[in-house]
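A.B. asks: Structure below; questions to follow.
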Amino acid sequence: MASKNYYDVTEWPVGNPFEDIGEVINSIIADIKSRQTDTDVNKGGKPGAVIYIPPGDYHLGSQVVIDISYLKIMGSGHGFTSSSIRFNTSENEWADLHELWPGGSRILVDIPLEVNDEEYKGAAFYVERSGNPRISSVEFSDFCIDGLHFIEDGSGETNPENTYTNGKTGIYVASACDSFRITGMGFVYLEHGITIYHADALTIHDNFIAECGNCIELRGWGQASKITDNLIGAGFKGYSIYAQNFGGLLITANNIFPRGASSIYFDGVTRSSITNNRLHSFYPGMVVFRENCSENMVSSNHFLRDHEPWTPFLGIDNGLDDLYGLLYISGNNNSVIANHFSEVINTQNIKPVGATPVIIRIVSGNGNYISNNHVVATEVHAKISDSCFSAQVDALLTTEASEPLTVITVLVEKESLQNTILDSGGDAQVVMDKTVNAFRATPTPGA
Amino acid sequence: MASKNYYDVTEWPVGNPFEDIGEVINSIIADIKSRQTDTDVNKGGKPGAVIYIPPGDYHLGSQVVIDISYLKIMGSGHGFTSSSIRFNTSENEWADLHELWPGGSRILVDIPLEVNDEEYKGAAFYVERSGNPRISSVEFSDFCIDGLHFIEDGSGETNPENTYTNGKTGIYVASACDSFRITGMGFVYLEHGITIYHADALTIHDNFIAECGNCIELRGWGQASKITDNLIGAGFKGYSIYAQNFGGLLITANNIFPRGASSIYFDGVTRSSITNNRLHSFYPGMVVFRENCSENMVSSNHFLRDHEPWTPFLGIDNGLDDLYGLLYISGNNNSVIANHFSEVINTQNIKPVGATPVIIRIVSGNGNYISNNHVVATEVHAKISDSCFSAQVDALLTTEASEPLTVITVLVEKESLQNTILDSGGDAQVVMDKTVNAFRATPTPGA
Amino acid sequence: MASKNYYDVTEWPVGNPFEDIGEVINSIIADIKSRQTDTDVNKGGKPGAVIYIPPGDYHLGSQVVIDISYLKIMGSGHGFTSSSIRFNTSENEWADLHELWPGGSRILVDIPLEVNDEEYKGAAFYVERSGNPRISSVEFSDFCIDGLHFIEDGSGETNPENTYTNGKTGIYVASACDSFRITGMGFVYLEHGITIYHADALTIHDNFIAECGNCIELRGWGQASKITDNLIGAGFKGYSIYAQNFGGLLITANNIFPRGASSIYFDGVTRSSITNNRLHSFYPGMVVFRENCSENMVSSNHFLRDHEPWTPFLGIDNGLDDLYGLLYISGNNNSVIANHFSEVINTQNIKPVGATPVIIRIVSGNGNYISNNHVVATEVHAKISDSCFSAQVDALLTTEASEPLTVITVLVEKESLQNTILDSGGDAQVVMDKTVNAFRATPTPGA
């Protein structure tokens, strides 16, 4: 009578999970499907199964293809460690390292890829099902997906391990999905961590997704989902979080660290929330709203933009200059209330030379409400270090040896009307046509 | 020496879990209690046990009765899928559906109920213990409780599966409890998802609770608890979250979707927080404070009220008209700061006809502080669809083909004095006696 | 082929986990290390392992020493119950109690300690590794660490179980660590719950940490971490959360209850967030920023300070008087926006006698932005009870039989310049030099 719906990849008779866990999991899924034979409408549940991956190193040569609901794949360890630090350490020192690779319940993505393969072919886990209902309640929990290496991509980057390019994706959901959960996972050295099309009621919660080209991409359209309580940090050319044509997305309680071309990028997203996150970046364009993002809420976030402190990435950025804005808005009726912005830069690095950096920029759109944001801008003499960790800590804690920096706290472009800017900067710091937008300056001492 | 405190329901010799998991779990609980014989004060722990439910369909005919602390019941899959969509699909199409029912580690609640049975008799899991200490640290994790069907209730609803009535409850805690945890669960098609009396230090975190008559009800009184990071959506006549005489409740990071007569209903609740949630409803009365709710905090939430887009529920609502307010407050000294409100309705549907809808309404009470709330109100021509999902996505993303709608952003009734309304609407949008309440209008462009 | 990386402490051949689980886990760790022999750079992963602790009472006499990455230690039950209530109940009543001790997967910390032992010697779990890389991805999940008893400490406290002193620590991390996770745990009756030096990308999420001298201490320095969604409450002389020289810490969605000398104490912390928490204390100094804490964000929190209602702790406090401030700030450029403060005290208990209590106090520092905070202060006649739970609930719900209390909502000391105080109190409630700081009074009715 014991359950047949609990599988351990190390105990399954088909394939060898250490050599190709993809073959093993696909065989298990086939077994689950072969047993889903009950066709009685009033009894016939297809409850799915759980597949357990104990801690260990499991190569994946065959893509896992998931087309059944209620499948849970779980391990016992997110296993993140920084591969970037290792790959920027001299090989002479490797013998002295305690360990060289991420760990936990770890999938080593070894899918053989051809040049010009379609993106989905590089996915370790590929979810797709047509017809009705949408595939539901697939869960990924507590294991590690490691893309292993980045590769030369013609960009001129001298260390191929720093390109954030390898054609690999951790989890790719191609068709409309409902009530999926991704929790407690680790993702590292993938060009795309999580890519999901057409999500409804999705949970991405309490994961560690870093050193990936892009971390989370919600594409197509979707609704009523949450990205909460994650540690996230993409590479310099990708998104930490990207969402497209989404309604009702809640992004909260995340600690999003560098680099990331953008910490959060919204493309046609409406009625969604970015609240209560800690956002840290080395470039402008930290949060970007493009293509008429409207009626969104940006509140209680801490934005920090400072400088790249680590030698291997010096001189690399996302290509945006300091006039772009840390928060860039194209759209109507958004709310930006009660955020803190810290901008810490070396004036010698400001682009274009001599420019006054912009913090919040409304590029187009009406009816945005920008209120009670506190901008702190300081000039520092950047410290650089060969040690990634100590450099970052050092930079984060440096608040003393600095001088105030002049910035534009809010810039409203000419195309924008009927916006309201309150208590988010003094008269000189808020640049806009004050006859077509509403304004109240933050009071100044003694005034 | 192997542990005797780990039980798998599919391996227990008493009963058949697929036919009546209630009998099996009650037998396991009896076994745990029979082994708790240590009476030495300095040694005598009663550590409890874990009961594991692998993925599968488990009928429950006998109510589980829990009266021991430190019992954890866990599965491997929350298993939610929409039963509502299926039950509003023609039976002719069912043969083409991939699956008909929710799944995961799924309890099918088959408790035989008589008319006029007391509510608790319909509970799948019933927790009750008198004496001291209060029962502690019972945990429910990662399984699904499915009420299966709703029934005719005399309301005239033509499809009995749309009544949200069946007398069934998922988890019912009747006596004072401490440090309970409900995490990673799925609840579907229950008249009451979770009902808990007299909770202290309760955690309801990261669950999926939807298509239930009511989702979470904290009754009697309670303190110092949290409802966080859940996906929640009740039926049209119940509460997504209800709390009574509670102090120190933290409701945050939830994505609460329609329908729900109220998203959150507070009855005599004090010194509690509703912060940082995404709230979506089809009716007024989204958040209601009744019976002198005082010193509560409502901050950084995104409220969206739009229209019912799905054919089966057209014409059904919660009975409240547009003068009721999306946020209804009876009580003193509450804070409503930095929220975004989107109201999107077809003026033809406004009730009473020709009324000016109200967003925030202070019905009675002094000393409330309403500050920096941004209200966006638009008129649309409602789209209706036979497809629940695409209709909702469509509605969510529609921000363009709309016109501004005149609303009262804040209405303070005559019984209310000494309230403070700041930057939450223009002079004409904030309706109150401005000689007995404090007011500062949101500045207007060019003013 | 079955996994060798899953260990159950009750099945391991060395030692007896019920007598000394420390010996058993150390033996397992030695086994894991003995099997990490792969030295091939391109293959040689050291994936770690999971050690499972089923529910049960496990004495720990030997400290567990962890020096490998990717080790997960997990149980099936956080097992918290109040030992404080039991130890303040007459022994005559103990025979009538359902259970006397915490439970779940419970570690009973029995480490033999000498007077003047170094602090780390009292740790149940001690993590330390020198060299590179930093130890990564150690995880603690779903078990209970119980310090069992407090002891006489010469403070004059008559009941030694109320001293919060015993030299014991739950988890002590001595060296720099990366991507650690502590989730779903219970900590009780330890002098220090969690002590971590030099944390990077740490997650402390969804734990129950109460009745400990101190709950969470992040020492030395650290960055980019999160303390989220926990239930926390330290003893009267310690910290619920303490952080030192930290950058980018996100403290959110926690419900922090009494007592705690401070709910949150920052020592030289910068660019961090305290947002969206529910904070409850019986003393001033709820949140303290010392040693130039700068550019931090305090937003959307609910602060409640009321009085000690429980007989055993009457007359005990943290030694601070009512001029200290509920929120005490020394530092520059911090943001305090959109918080609710409830102060509920008996004027007879105000210290010094006749003083006007202070809510937010800026002791030193420039450029702080204090905006849209709502302060509600009331005088009550304190109720005292022998029952901890009912006393607290009673106090929490009492908002009616009270009178307004005069307080200073914001006090800016003379050393502080260029601060901005907006809508956080009337002219008489905000005390500062208004020629060197900016001010806008909350409007008053009829004004």
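A.B. asks: Taking the simple approach of a point 7 Å from Cα along Cα-to-Cβ for both residue A:348 and residue C:115, what is their distance in nm?
C.D. replies: 6.0
A.B. asks: Kirkwood hydrodynamic radius, computed over distinct alpha-carbon pairs, for the range A:99-185: how many Å, to one decimal?
C.D. replies: After inverting the mean inverse Cα-Cα distance, the result is 14.9 Å.
A.B. asks: Evaluate peptide B:199-208: per residue, the Cβ atoms of other protein chains within 10 Å of its Cβ; return the mean as an integer.
C.D. replies: Mean partner shielding for this stretch: 5.
A.B. asks: Moving to a separate point now. Work out the FRET efficiency for residue B:11 and residue B:128 from their Cβ-Cβ distance, taking R0 = 30 Å, and round it to the nearest 0.05.
C.D. replies: E(calc), rounded to 0.05, equals 0.60.
A.B. asks: How many partner chain Cβ atoms sit within 10 Å of a residue's Cβ in peptide A:241-251, on average, as a whole number?
C.D. replies: Partner-chain Cβ atoms within 10 Å, mean over residues of A:241-251: 4.
A.B. asks: Please report, in whole Å, how far the alpha carbons of the protein assembly as shown spread along each principal axis, starting with the longest.
C.D. replies: Sorted largest first, the three principal extents are 78, 76, 73 Å.
A.B. asks: So what is the 222 nm mean residue ellipticity for the protein assembly as shown from helices alone, if each DSSP H run of at least 4 adds -39500 (n - 2.57) and you divide by all residues, rounding to the nearest 500 deg cm²/dmol?
C.D. replies: Helices in the protein assembly as shown give a 222 nm mean residue ellipticity of -2000 deg cm²/dmol.
A.B. asks: Ok, one more. Please list, ordered by chain and number, the residues whose modelled amide H lies under 5 Å from the amide H of residue B:101; skip anything fewer than 5 residues away on the same chain.
C.D. replies: A:46
A.B. asks: Sticking with this one: I'd like to know which of B:354, B:338, B:275 lies farthest towards the positive end of the charge dipole of the range B:218-355, counting +1 on Cβ of Lys and Arg and -1 on Cβ of Asp and Glu.
C.D. replies: With unit charges placed on the Cβ atoms, the residue in question is B:275.
A.B. asks: How would you order C:183-189, A:362-368 from highest to lowest mean count of nearby Cβ atoms within 10 Å?
C.D. replies: Result, highest mean Cβ count within 10 Å first: C:183-189, A:362-368.
A.B. asks: On to the next question. Quick one: which residues, 5 or more positions from residue C:127 or on another chain, have an amide H under 5 Å from its amide H? H modelled 1.01 Å from N in the peptide plane, none for Pro or chain starts.
C.D. replies: C:66, C:172, C:173, C:174
A.B. asks: Still on this model: Estimate the FRET efficiency between residue A:92 and residue B:323 by the formula 1/(1 + (r/R0)^6), using the beta-carbon distance for r and 51 Å for R0, to the nearest 0.05.
C.D. replies: 0.10
A.B. asks: Which ³J(HN,Hα) values in Hz, rounded to whole numbers, follow from the phi angles of the range C:201-208 under the Karplus curve 6.51 cos²θ - 1.76 cosθ + 1.60, where θ = phi - 60° and Gly and Pro get x?
C.D. replies: 6, 8, 10, 10, 9, 6, 9, 10
A.B. asks: Go through C:170, C:210, C:196 and say which Cα lies farthest out towards the positive end of the charge dipole of the range C:154-223; charges sit on Cβ, +1 for Lys and Arg, -1 for Asp and Glu.
C.D. replies: C:196
A.B. asks: Tell me, rounded to the nearest percent, the portion of alpha carbon pairs in the range C:31-179 spaced more than 27 Å apart.
C.D. replies: 35
A.B. asks: Okay, next question. Any idea what the dipole of the range C:1-146 comes to, in debye rounded to 20, about its Cα centre with Lys/Arg Cβ at +1 and Asp/Glu Cβ at -1?
C.D. replies: Its charge dipole is roughly 900 debye.
A.B. asks: State, to one decimal in nm, how far the label point of residue B:314 lies from the label point of residue A:175, with both points 7 Å from Cα in the Cβ direction.
C.D. replies: In this crude spin-label approximation the distance works out to 2.9 nm.
A.B. asks: Separate question: Among the aspartates and glutamates, select those whose C-alpha is under 17 Å from the C-alpha of residue B:121, and discard any that sit fewer than 8 residues away in the same chain.
C.D. replies: Excluding near neighbours in sequence, the set is B:20, B:23, B:67, B:110, B:146, B:191, B:217.
A.B. asks: Let me ask you something else. For the range B:238-303 and the range A:250-302, what is the separation of their C-alpha centers, rounded to whole Å?
C.D. replies: After rounding, the separation between the Cα centres reads 25 Å.
A.B. asks: Looking at the calculated P(r) for the range A:226-364, what percent of the C-alpha pair distances fall above 24 Å?
C.D. replies: Pairs farther apart than 24 Å: 23 percent.
A.B. asks: Considering every residue in C:177-184, what mean count of other chain Cβ atoms within 10 Å of its Cβ is obtained?
C.D. replies: Per-residue shielding by partner chains comes out at 4.
A.B. asks: Given the options C:105, B:107, B:249, identify the residue whose Cα lies farthest towards the positive end of the charge dipole of the protein assembly as shown (+1 on Cβ of Lys, Arg; -1 on Cβ of Asp, Glu).
C.D. replies: Checking the options against the dipole of the protein assembly as shown, the answer is B:249.
A.B. asks: If you don't mind, there's one more thing I want to ask. In sequence order, what are the phi-derived ³J(HN,Hα) couplings for the range C:405-410 according to the Karplus relation 6.51 cos²θ - 1.76 cosθ + 1.60 with θ = phi - 60°, rounded to whole Hz, with x for glycine and proline?
C.D. replies: Values per residue, Gly and Pro as x: 10, 6, 9, 8, 6, 9 Hz.
A.B. asks: Cβ neighbours within 10 Å, averaged per peptide: list C:301-310, B:270-279 in order, most packed at the top.
C.D. replies: Result, highest mean first: B:270-279, C:301-310.
A.B. asks: Something else now. Treat each spin label as a single point 7 Å out from the Cα along the C-beta direction, and report the residue B:387 to residue A:417 distance in nm.
C.D. replies: Output for this residue pair reads 3.7 nm.
A.B. asks: Can you list the HN-Hα couplings for the range C:47-57, worked out from phi with the Karplus curve (6.51, -1.76, 1.60; θ = phi - 60°), rounded to whole Hz and with x for Gly and Pro?
C.D. replies: In residue order, the calculated couplings are x, x, 6, 10, 10, 9, 10, x, x, x, 9 Hz.
A.B. asks: Still on this structure: Residue A:434: which lysines have alpha carbons under 26 Å from its alpha carbon, excluding same-chain residues fewer than 8 sequence positions away?
C.D. replies: Cα-Cα hits under 26 Å: A:414.
A.B. asks: In Å, what Kirkwood hydrodynamic radius results for the range B:105-241 from the alpha-carbon pair distances?
C.D. replies: 15.0 Å is the Kirkwood radius here.
A.B. asks: Something else now. Quote the convex hull volume per residue of chain C, based on C-alpha atoms, as a whole number of Å³.
C.D. replies: 164
A.B. asks: If you take every residue apart from residue C:413 with its C-beta less than 15 Å away from the C-beta of residue C:413, what net charge results, scoring Lys and Arg +1 and Asp and Glu -1?
C.D. replies: Taking every Cβ under 15 Å from that of residue C:413, the sum is +2.
A.B. asks: Moving on. Suppose R0 equals 35 Å. What FRET efficiency, 1/(1 + (r/R0)^6) with r the Cβ-Cβ distance, do residue A:435 and residue B:356 give to the nearest 0.05?
C.D. replies: 0.75
Read-outs: derived from the displayed coordinates by stated rules, not from any lab. Since we're looking at a predicted model, the values are computed, not measured. Every residue, glycine among them, receives a Cβ derived from its backbone with ideal geometry; neighbour counts consider all protein chains shown.
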